[in-house]
Amino acid sequence: MDSRLPSLALALAVAACASTMEWSKPGATQAEIDADVNACRAAAEKIPVVPRQRTTTPSGAPSYPTGTDLDADRQLVLAQRVESCMRERGYRLVRR
């Protein structure tokens, strides 16, 4: 089983109900939370996102995502990086 599946499922769940979820950390002010989210986003965007091979063509050559698939892959990777960064800083996602 792919170890990324739980993170992928969480990222998709978060995206689906983003309006009802927020980062929380005991004692953190909203300004601190906002600063940490911004720092995590900036760090996530510093690392290039390399497209993952999706399938192979009939000739056996690798096939990579293009267009909107590539952008969706990039957004998912960035979301996973931000999530990991925030959790490393002691945050968790909670319902409002």
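To keep it simple, each residue is scored yes or no on (1) surrounded by 13 or more Cβ atoms within 10 Å (Cβ to Cβ); (2) part of a loop (DSSP other than H, G, I, E, B); (3) at pLDDT 90 or above; (4) in contact with a strand residue (DSSP E or B) (Cβ under 7 Å, 6 or more places away or on another chain).
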| position | (1), (2), (3), (4) |
| --- | --- |
| 23 | yes, no, yes, yes |
| 53 | no, yes, no, yes |
| 60 | no, yes, no, no |
| 73 | yes, no, no, no |
| 79 | yes, no, yes, no |
| 83 | yes, no, yes, no |
| 86 | yes, no, yes, yes |
| 93 | yes, no, yes, yes |
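What do you reckon, is residue 44 among the small types (Gly, Ala, Ser), at pLDDT below 95, surrounded by 12 or more Cβ atoms within 10 Å (Cβ to Cβ) and touching a helix residue (DSSP H, G or I) at 6+ places or on another chain (Cβ under 8 Å)? It is true that residue 44 is among the small types (Gly, Ala, Ser), at pLDDT below 95, surrounded by 12 or more Cβ atoms within 10 Å (Cβ to Cβ) and touching a helix residue (DSSP H, G or I) at 6+ places or on another chain (Cβ under 8 Å).
Listed by first and then second residue, the pairs with beta-carbon distance under 9 Å, at least 6 apart or on different chains, first residue in region 28-45 and over 13 Å from residue 89 (Cβ atoms), second assigned to a helix (DSSP H, G or I) and of a type in the set (Asp, Glu), form an empty list.
The values are calculated or read from the model by the stated rules, or taken from the named source; none is laboratory data. Fair warning: this is a prediction, and the values are worked out from it, not measured in the lab. Glycine also receives a Cβ, built like all others from the backbone with ideal geometry; neighbour counts cover every protein chain displayed.
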